[in-house]
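Colleague: This structure is in structure tokens; I'll ask about it shortly.
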Amino acid sequence: MKIVIKNGRIIDPVSRTDEILDLLIEDDKISDISRNITVHDDYGVINAGGLLVLPGLIDMHVHFREPGREDIETIYGGSKVAAKSGFTSVCTMPNTNPVIDNQALVRFIKFEAEKGPINVFPIATITKGQKGEEISEMGELISAGAVGFTDDGLPIMRSLLMRRALEYARMFDVPIITHAEDLELSDDGIMNEGKNSTLLGLKGIPRESEEVMIARDVILTRLTGGRLHIAHISSGGSVEIIRRAKSDGIKITCETAPHYFALTDNAVAEHLSMAKMKPPLRTEEDRKAIIEGLKQGVIDVIASDHAPHSLNEKMQELEYAPFGIVGLETSVPLIITILVRENGFTYHEAFEKVTVNPARILKLDRGELKAGKRADITIIDPDKKIIVDDTFMISKCKNSPFIGKILYGSVEYTICNGNVVYSHKEF
Ligand SMILES: [Zn+2]
Ligand SMILES: [Zn+2]
């Protein structure tokens, strides 16, 4: 099977290509990127005039709830949402029920993912049972297909355990991914501690709850020479700690989520539990610092932290509602609208965060448009408006503060391993 993508604007952050070219796919590989590729009768043709042709997008932080809460989302269903949203690869978080802490469960995820349209790379737990006590059998988990380790949903509160985890993971050169939060400082808070929490009379989570843990883990990374990746950073203070650590040569990387550069804690009064997530939305100053951190490359990755919850659970009183929002569908439109259109990011600056950077951190041979590479490709119309409504959001659970918003950037085609797995026209 051969497919030619004609006249697209090829954006490849690795080679810094930004040029109108054709791209030829043969079977599951990219075989040519050049001008005026000849189209034969048996070729499939995608006319990409006016569209961006990007490496298949990678979301290194999603929660698909299987095993355990298949009523909320499954690996198959989540993969379809990802394909529709332009993602050809996702990494699933292990805080399911049971948690992903043994080979059989890693293989189960890979097996379920085979039925779906995209690549799923499982992340396994740092600790057995995600109890924060005993380190998982990392070697075995890696040989079953795990690409990193995290106890996401919970921090590693014990410093000695964190030290050992970094030391152990270093032997395999895989990242320890942290949900940076000091639970004692969070003290059962539900939103950012500040003016808005006082006005709303809600218990606050100070930014220091995140920053203290990042500082500790940076220091432990320096001690151990391990590899640390910090998930979902939300505060300007976190950006500063990471900036300094990087300039000191410490091997750390980090991610933020689109909601941290799109929203502030002003959204809580309006959207209530739909704006309740961990870490919480912060202030305008933080939002600007996150954007600056992305622009300067201090923040390496944008990941959705896609966290579906049933509406029944989410519509409880703010205090009892679970943390988290769905993020896959709105990722591309928020990147285009907020980063490219409102903040002047180049396409390279914006999209390296969802292609080559996560690929390098997790050592995935993806995230690049180059002859010989796997044909994972995302085609986007950056000027087309989308409305975040019930047809646009195909997740079973639509817990999102962006419902009703009009944004720019429509995913037109998603191609994974040489197959068109989503086409806007046919959808
Ligand atoms: Zn988390
Ligand atoms: Zn998460």
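Colleague: Ranking request for peptides 14-25, 406-417: highest mean number of other beta-carbon atoms within 10 Å first, then the rest in descending order.
Modeller: On the way: 14-25: 17.5, 406-417: 22.1.
Final packing ranking: 406-417, 14-25.
Colleague: Which of the lysines could be linked to LYS373 by a straight reach, that is with a Cα gap under 20 Å, when you skip same-chain ones fewer than 8 residues away?
Modeller: Leaving aside lysines fewer than 8 places away in the same chain, those within reach of LYS373 are LYS2, LYS6, LYS29, LYS353, LYS363.
Colleague: Also: Divide, for region 121-187, the radius of gyration over alpha carbons by 2.2 N^0.38 Å, where N is the residue count.
Modeller: Region 121-187 yields a ratio of 1.06.
Colleague: A further question follows. Quick one: putting +1 on the C-beta of Lys and Arg, -1 on the C-beta of Asp and Glu, what dipole do you get for the chain around its Cα centre, in Debye to the nearest 20?
Modeller: Around 580 debye, computed over the chain.
Colleague: Considering only ASP59, ASP383, ASP305, give the residue with the highest GNM mean-square fluctuation for the chain, with springs between Cα atoms whenever their separation is below 10 Å.
Modeller: ASP383
Colleague: Here is a follow-up. For region 43-102, what D do you get in µm² per second when you plug the Kirkwood radius from alpha-carbon pairs into Stokes-Einstein at 25 °C and 0.890 mPa s?
Modeller: In µm²/s, the coefficient rounds to 185.
Colleague: How high is the relative contact order of the chain, given as a whole-number percent (alpha carbon pairs under 8 Å, six or more residues apart)?
Modeller: 19 percent
Colleague: Leaving out ligands and nucleic acids, note down the accessible area per residue over the chain with a 1.4 angstrom probe, in whole Å².
Modeller: It amounts to 39 Å² per residue over the chain.
Colleague: Any of LYS84/LYS295; LYS203/LYS251; LYS115/LYS203 with alpha carbons more than 32 Å apart? Name them for me.
Modeller: The pairs that break the limit, which is 32 Å between Cα atoms, are LYS203/LYS251; LYS115/LYS203.
Colleague: Could you tell me what fraction of 2.2 N^0.38 Å the Cα radius of gyration of region 77-214 comes to, as a two-decimal ratio?
Modeller: Working it through for region 77-214, the quotient is 1.20.
Colleague: Using a ≥ b ≥ c from the Cα gyration tensor of region 235-281 (square roots of the eigenvalues), is it rounded, prolate or oblate, where a/c under 1.5 gives rounded and otherwise the larger of a/b and b/c decides, a/b for prolate?
Modeller: Here region 235-281 falls in the prolate category.
Colleague: Enumerate the whole-percent occupancy of each 10 Å bin, from 0 to the last occupied one, for all C-alpha pair distances of region 8-90.
Modeller: 15, 36, 27, 17, 5, 0
Colleague: While we're on this one: To the nearest Å, what is the center-to-center distance of region 325-402 and region 200-244, using C-alpha atoms only?
Modeller: So the two Cα centres are separated by 25 Å.
Colleague: How would you rank 218-229, 75-86, highest first, on the average number of other Cβ atoms within 10 Å across their residues? Present the calculation step by step, with values, prior to reporting the outcome.
Modeller: Working: 218-229: 19.7, 75-86: 24.4.
Averaged packing, sorted descending, gives the order 75-86, 218-229.
Colleague: Heavy atoms only, 1.4 Å probe, whole protein assembly: order ARG35, ARG282, ARG374, ARG216 by accessible area, highest first.
Modeller: Values: ARG35 150, ARG282 5, ARG374 85, ARG216 40 Å².
Most to least solvent-accessible, the answer reads ARG35, ARG374, ARG216, ARG282.
Colleague: Rg and Dmax of the chain, using alpha carbons, in Å: what are they?
Modeller: 20.6, 67
Colleague: Considering only protein heavy atoms and a 1.4 Å probe, what is the carbon-and-sulfur percentage of the accessible area of the chain? Provide the component values of the computation, followed by the final result.
Modeller: Working: 8150 of 16580 Å².
For the chain, the apolar C and S fraction of the accessible surface comes to 49 percent.
Colleague: At R0 = 22 Å, how high is the FRET efficiency between GLN316 and LEU199 if r is their beta carbon distance? Nearest 0.05 is fine. All intermediate terms of the calculation are to be shown ahead of the outcome.
Modeller: Details: r = 22 Å, r/R0 = 0.98.
The calculated FRET efficiency here is 0.50.
Colleague: Return the distance in nm (one decimal) between the two label points of a simple spin-label model at ASN97 and GLU270, each offset 7 Å from Cα along Cα→Cβ.
Modeller: Once both label points are built, they end up 3.4 nm from each other.
Colleague: In Å, what is the Rg of the alpha-carbon atoms in region 1-154, and how long is Dmax?
Modeller: My reading of the Cα-based Rg and Dmax gives 19.1, 61 Å.
Colleague: So what's the gap between the Cα centers of region 298-315 and region 113-145, to the nearest angstrom?
Modeller: If you average the Cα positions of each part, the centres end up 20 Å apart.
The values are calculated or read from the model by the stated rules, or taken from the named source; none is laboratory data. Bear in mind the structure is a predicted one, so any value in this text is a computation, not a measurement. Using ideal geometry, Cβ is built from the backbone for each residue, glycine included, and neighbour counts are taken over all protein chains shown. Accessible surface areas use protein heavy atoms only, side chains included; no ligands, DNA or RNA. Shrake-Rupley method; radii C 1.70, N 1.55, O 1.52, S 1.80 Å.
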